[in-house]
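Below is one structure, written out as structure tokens; the observations come after it.
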Amino acid sequence: MKLTIQRYGENHAEVAVSHNLIGETYIELSDYKKGLQNFEFVLKIQEKLYECENNADIATSMNNLGAAYKNLGDYKKAFQLQII
């Protein structure tokens, strides 16, 4: 991850992709909090990269966040993220 950030900078799409993959790995390992942290970081990068919310990458990130919240038992937050 450090090499990716050094090469592209912290707010680059490649960094977001790397964090998304790390988040997915944590979810597969049932470490939902760490997965959630990575997905939140991905969304912050994407919001800086893309001016509108009607973006497929942002929609995917919100869905990933919703799934992580669902796994943590926060169904209200999961529902809000997945229907926006």
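The values are calculated or read from the model by the stated rules, or taken from the named source; none is laboratory data. No experiment lies behind these values; they were computed from the predicted model shown. We place every Cβ from the backbone using ideal geometry, glycine too, and count neighbours over all the protein chains shown.
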(message) All but one of (1) touching a Gly at 6+ places or on another chain (Cβ under 7 Å); (2) more than 19 Å from Ala16 (Cβ to Cβ) hold for Asn38; state the number of the condition that does not hold.
(response) (2)
(request) Could you give me the residue pairs with C-beta distances under 8 Å whose first residue belongs to the range 22-37 and is within 16 Å of Asn63 (Cβ to Cβ), whose second residue is of a type in the set (Val, Ile, Thr) and surrounded by 18 or more Cβ atoms within 10 Å (Cβ to Cβ) wherever it lies, and which are 6+ apart or on separate chains? (result) Gly23/Val42; Gly35/Ile27
(message) Is it the case, given these coordinates, that Asn64 is surrounded by fewer than 16 Cβ atoms within 10 Å (Cβ to Cβ) and either touching a strand residue (DSSP E or B) at 6+ places or on another chain (Cβ under 7 Å) or modelled with pLDDT under 95 (or both)?
(response) no
(message) Based on this model, can you work out whether Asn54 counts as in a loop (DSSP other than H, G, I, E, B) and either of a type in the set (Ser, Thr, Tyr) or touching a helix residue (DSSP H, G or I) at 6+ places or on another chain (Cβ under 7 Å) (or both)?
(response) no
(request) Mind listing just one residue for me: the one in the range 1-27 that is acidic (Asp, Glu) and exposed (fewer than 14 other Cβ atoms within 10 Å of the Cβ) and, of those, modelled with the highest pLDDT? (result) Glu14
